[in-house]
Amino acid sequence: AAYGRGGDTLPCYDINPLVVKIAKQQFTYLADCPAHIDIVLGDARLSMTRESSQKFGILVVDAFSGDAIPVHLLTRQAFQIYWRHLKQDGVLAVHVSNRYLQLAPIVALGVQGMGKEVWQVQNGEDDAKEVFDSTYVLVSSRPGFFSNALFTGLLDKIEVPGNLRAWTDDYSNLWQVLNYRGGN
């Protein structure tokens with residue numbers, strides 16, 4: 001909501017009614033946003049399945065709280081739903097920060113064969129500004145999008161291990177993306 005501009009429509013999907021309540025009562029982002037905000041309560045994937053195409057310019061998937069991941073949002077079928085709702089040259093941004101799992105290759109495999117470029121971008125943390133490090137996978141077929149000066153030096157190629165398979169509604173394998181480093 002902090003990025004919404006006047007004239008924009010921002011649908012926000014959330015499965016937890018308490019999150020919506022806290023967002024409205026404890027924070028002002030929704031009330032202060034000049035964009036029109038539609039809060040859709042329920043599982044985002046199921047809600048989007050029932051909706052007609054939205055033609056979003058950008059779709060941000062940021063559903064991972066802590067280190068728990070809703071696997072059904074990272075399957076090939078989920079990515080097909082996202083692209084049904086995006087403009088042809090839209091941008092999909094998937095938040096994949098996780099201490100224990102390497103999720104960027106799963107996103108790369110999930111959109112493989114869809115004619116999209118896939119890159120990882122990570123920002124560093126800044127304690128003084130209370131910014132935590134985070135990692136996103138950006139997916140788009142927009143001409144020139146990834147060559148924009150904004151991304152200079154920030155994009156990383158996603159290495160996909162040869163034994164890794166795309167996740168589907170019938171298959172996922174957390175062992176293959178486990179990133180255990182040991183120690184403290």
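The values are calculated or read from the model by the stated rules, or taken from the named source; none is laboratory data. Keep in mind that what you see is a predicted model, and the values were worked out from it rather than measured. Methodologically, a virtual Cβ is constructed for each residue, glycine included, from the backbone with ideal geometry; neighbour enumeration extends over all protein chains shown. For accessibility, only protein heavy atoms count, side chains too; no ligands or nucleic acids. Shrake-Rupley method; radii C 1.70, N 1.55, O 1.52, S 1.80 Å.
Rolling a 1.4 Å probe over the protein heavy atoms of the chain, with every protein chain left in place, gives an accessible area that is 52 percent carbon and sulfur. 3J(HN,Hα) along segment 147-158: 9, 4, 4, 4, 9, 3, x, 9, 8, 10, 5, 9 Hz, from the Karplus curve 6.51 cos²θ - 1.76 cosθ + 1.60 with θ = phi - 60°, whole Hz, x for Gly and Pro.
Think of a 1.4 Å ball rolled over the protein heavy atoms: segment 37-184 then has 58 Å² of accessible area per residue. Evaluate the Debye formula for the chain with equal point scatterers sitting on the alpha carbons, no solvent, and hand back log10 of I(q)/I(0) at q = 0.15 Å⁻¹, in q order, two decimals. Values, matching the q order: -1.03. Taking every alpha-carbon pair under 8 Å whose residues sit at least 6 apart, the chain reaches a relative contact order of 19 percent.
Taking amide hydrogens as placed 1.01 Å from N in the peptide plane, the amide H of Y13 sits under 5 Å from those of V40, each at least 5 positions away in sequence or on another chain. Mind jotting down the distance between the C-alpha centroids of segment 4-58 and segment 118-184, whole Å? Spelled out, the Cα-based centre of one part sits 24 Å from the other. Amide H contacts of I69 (H built 1.01 Å from N, in plane; Pro and chain starts excluded): no residue 5 or more places away or on another chain comes under 5 Å. Applying both filters, DSSP loop and at most 13 other Cβ atoms within 10 Å, to the chymotrypsin sites (Phe, Trp or Tyr not before Pro) of segment 34-143 gives Y100, F132. Here segment 47-154 is treated with +1 on each Lys and Arg Cβ and -1 on each Asp and Glu Cβ, and its dipole about the Cα centre works out to around 640 debye. Applying a DSSP loop filter and a limit of 12 other Cβ atoms within 10 Å to the chymotrypsin sites (Phe, Trp or Tyr not before Pro) in segment 1-45 leaves Y3, F27.
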